[in-house]
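Novice: If you scroll down you'll find the structure; I have some questions about it.
Quick note: the coordinates plus some simple rules give every number you see, no bench work behind them. Predicted model, so just to flag it, every value in this text is computed and none were measured. Neighbour counts are summed over all protein chains in view; Cβ atoms, including those assigned to glycine, are modelled from backbone coordinates with ideal geometry.
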Amino acid sequence: MSDFYLRTESIKQDDILALSVTNDSDLNIISTLVSSEPCLLEGSRGTGKSFLMKVAQLQIEEKLKSSIAVFVSFNISSLIDTDDPLQFYHWMLAKTLKALVNKLRKKGIAVSNYSANLLSNDENNSEAAVEQDLKSIVKGFENSYRGKSNIDTYLLPDIEDVKEAIENICDDNSLERIYFFFDEAAHVFRPEQQRQFFSLFKDLRSPYITCNAAIYPGVTYFGDSFEPIHDCIFKKLERNIKDDDYLAYFQDIVLNQSDDALKRTIEQNKKLFNTLALSCGGNPRILLKTVQDLPKFNTSTVNQMIKSFYRGQIWSEHTELGEKYKGHKLLIDWGRDFLENEVIPAVEKYNENRRLKGVEQASIYFWVHKDCPETVKEALRLLTYTGVIRKIDSSIRATRSELGTRYEVKFGCIIALQANPTADSQNLFKSLSLKKFPEFGKNHSSYRSIGEIKRGIEDEENFRESVKIMLQKPITVLQLLTPWQRDKLTEIRIHTLEDLHNKTEAELIERIYNVGPVRARLMKNAANAELLEYLSG
């Protein structure tokens, strides 16, 4: 099978538009991202948030010649550990300004001594000195996981000085606006970091600045000072399998990265491909990965892939989240048990009863009462984060006019339980009804076992210990690295995640035979993206 790009970080900037597939919903999101209003883009892992922000960045640079787009990734945030109570705010500010100064330099845009003075509290007033100061602060924070560090944050400017400096830069160079795109906006298991991020997001509001950020569903903490409804435009990146253009859209995504042989195979096996596309529940990365991992494209291998991935791997990845972050283990394990032992059997029983009655209505949905225990809601939020379920809507009336939240179980998790998933897929899909679902009331018996579980969300010490343990894991845990990449890293004695993180591009070029600068950079980016996503869950 073809080798696909499974992450945006692995794609060269010049190739983004060529690989882009957009429907009306995507175009609406991109239009919002290039508008003057700040935007939060919410979506589960692998749904394409980073990709759409890259497309928006390229559109700004191509069409809005009087604007600058700066892409900033905060994916290394899990490694920050200092005594500074505002460590995340200071690190994110320094990283943002460093990216801005670097982008201005690449564009040949001048920064006056006055603006440079505003961007740093250092007595040096040159652009180069400012960039060096910011680089030092960023590196200090990012190396702090090795041991508690004291960072000279006195060099950082006041936020009002930052906004004044950007206004001056725009005025001096006839620029209308600076766009910041924040990827991996805040670590999902560090609520204090998320609160500090949204403080920065709001603090940067200015007639000359627009901030956009990608966030995850269910596990984002905005803090007391930030209100998504009032402080930004809030967009969700979701793809409903019932949409008219769903199958054509996902076919185009795969064909855009396929060689001629695979294109012919997909055209000849359209029903098998459609089963894989529906199974992924709107997640492009999952579809690309399952297609890529097929040894052959036939009924037998597709059935085996669906059973293997949606019965095993997708659940293993969710469970592993609890192994990484012990403070969440009980909640994560309970959520999996609830889905596997209560929800999915209830959905199957519901569908079977409808079949026996000759009613062509089926469900992959379930409903939970709005007054169920908070720990139940937290467990379900973690399931939306990993993408096993999707929250459809809230305040939905069910039996006896009670209010609750409606969720969708990933299509693949339902058909994977059938003896022949590809044979049953089409009938299940055609008979799906959003109005039909099993209900779990506020006092459902399955909640009893979660009554004594503490949420454990705010346990910073537990989090730091988890990160230290994970850094000692072997690189084999990074499942999206190719066998060639893993072999090459092992050859130069990179065995653990920490070994990998500590190696630079230059060291990879020097030590790996027949790897030049471009390939080393792509390899380092891909490895870093996989490593940091592993650390973030």
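Novice: Taking other Cβ within 10 Å of each residue's Cβ, how do W484, W91 sort, fewest first?
Specialist: W484, W91
Novice: Considering only C-alpha atoms, what is the centroid distance from region 25-46 to region 223-263, in Å?
Specialist: Using only Cα atoms, the two centres lie 10 Å from each other.
Novice: Report, as a whole number in µm² per second, the diffusion coefficient that Stokes-Einstein gives for region 246-450 at 37 °C and 0.692 mPa s using the Kirkwood radius over alpha carbon pairs. Numbers along the way, then the final one.
Specialist: Details: Rh = 17.9 Å.
After rounding, the answer is 183 µm²/s.
Novice: So for T399, T32, T319, T47, fewest C-beta neighbours within 10 Å to most, what's the order?
Specialist: Going from sparsest to densest Cβ surroundings: T399, T319, T32, T47.
Novice: Out of every Cα-Cα pair in region 8-236, what percent are more than 30 Å apart? Can you show the working numbers first?
Specialist: Values: 5695 of 26106 pairs.
Distances greater than 30 Å cover 22 percent of the Cα pairs.
Novice: Now, a different point. Can you run phi through the Karplus equation (6.51, -1.76, 1.60; θ = phi - 60°) for region 357-363 and list ³J(HN,Hα) in whole Hz, with x for Gly and Pro?
Specialist: Working through the residues one at a time gives 8, x, 9, 8, 9, 9, 9 Hz.
Novice: If you bin the C-alpha pair distances of region 16-80 every 10 Å from 0, what whole percents do you get?
Specialist: Here the calculated profile for region 16-80 is 18, 52, 25, 5.
Novice: Name the long-range amide H neighbours of L432: under 5 Å, sequence gap of 5 or more, or other chain; modelled H, no Pro or chain starts.
Specialist: A362
Novice: Oh, and also: Based on alpha-carbon atoms only, what is the radius of gyration of region 283-376 relative to the globular estimate 2.2 N^0.38 Å?
Specialist: In units of the globular-protein estimate, region 283-376 measures up at 1.36.
Novice: Tell me, what is the percent relative contact order of the chain, built from C-alpha pairs under 8 Å that lie six or more residues apart?
Specialist: This gives 17 percent for the chain.
Novice: Show the residues, 5+ positions off or on another chain, whose built amide H is closer than 5 Å to the amide H of G281.
Specialist: F411, G412
Novice: Shifting gears a bit: Looking at the calculated P(r) for region 1-126, what percent of the C-alpha pair distances fall above 23 Å?
Specialist: Taking all Cα-Cα pairs of region 1-126, the fraction more than 23 Å apart is 47 percent.
Novice: What's the angle, to the nearest 10 degrees (0 to 90), between helix 49-63's Cα axis and the longest principal axis of the chain?
Specialist: Here the helix axis deviates by roughly 50 degrees.
Novice: Here's something else I'd like to know. How many Lys pairs in region 195-297 lie less than 20 angstrom apart by Cα atoms, where the lysines are 8 or more positions apart or on different chains?
Specialist: 11
Novice: Then there is this: With θ taken as phi - 60° and the coefficients 6.51, -1.76 and 1.60, list the Karplus ³J(HN,Hα) couplings across region 414-429 in order, rounded to whole Hz; mark glycine and proline as x.
Specialist: Each residue of region 414-429 in turn: 7, 6, 5, 7, 7, 5, 9, x, 5, 6, 8, 4, 5, 5, 4, 4 Hz.
Novice: Quick one: what are the phi-derived ³J(HN,Hα) couplings along region 374-384, Karplus 6.51/-1.76/1.60 with θ = phi - 60°, whole Hz, x for glycine and proline?
Specialist: For region 374-384, the Karplus curve yields 4, 5, 5, 4, 5, 4, 5, 4, 5, 5, 6 Hz.
Novice: Give me, ordered by chain and number, the residues 5 or more places off N121 or on other chains with an amide H under 5 Å from its own placed amide H.
Specialist: Under 5 Å from the amide H of N121: L156.
Novice: Please give the helix 159-172 orientation as an angle from the longest Cα principal axis of the chain, in degrees from 0 to 90, rounded to the nearest 10.
Specialist: With rounding to tens, the tilt is 80 degrees.
Novice: OK, next. So how tilted is helix 270-279 from the main axis of the chain? Cα-based, degrees 0 to 90, rounded to 10.
Specialist: 70
Novice: Quickly rank 217-224, 8-15, 285-292 as a protection proxy: mean count of other C-beta atoms within 10 Å, highest first.
Specialist: Listed from highest to lowest mean packing, they are 285-292, 217-224, 8-15.
Novice: I'd like the per residue volume of the convex hull spanned by the Cα atoms of the chain, given in cubic angstrom.
Specialist: It comes to 154 Å³ per residue, whole-number rounded.
Novice: May I ask you to derive the relative contact order of region 1-148, considering only C-alpha pairs under 8 Å and at least 6 residues apart, and to give it as an integer percent? Present the calculation step by step, with values, prior to reporting the outcome.
Specialist: Working: 111 pairs, mean separation 29.6, N = 148.
Over region 1-148, the number comes to 20 percent.
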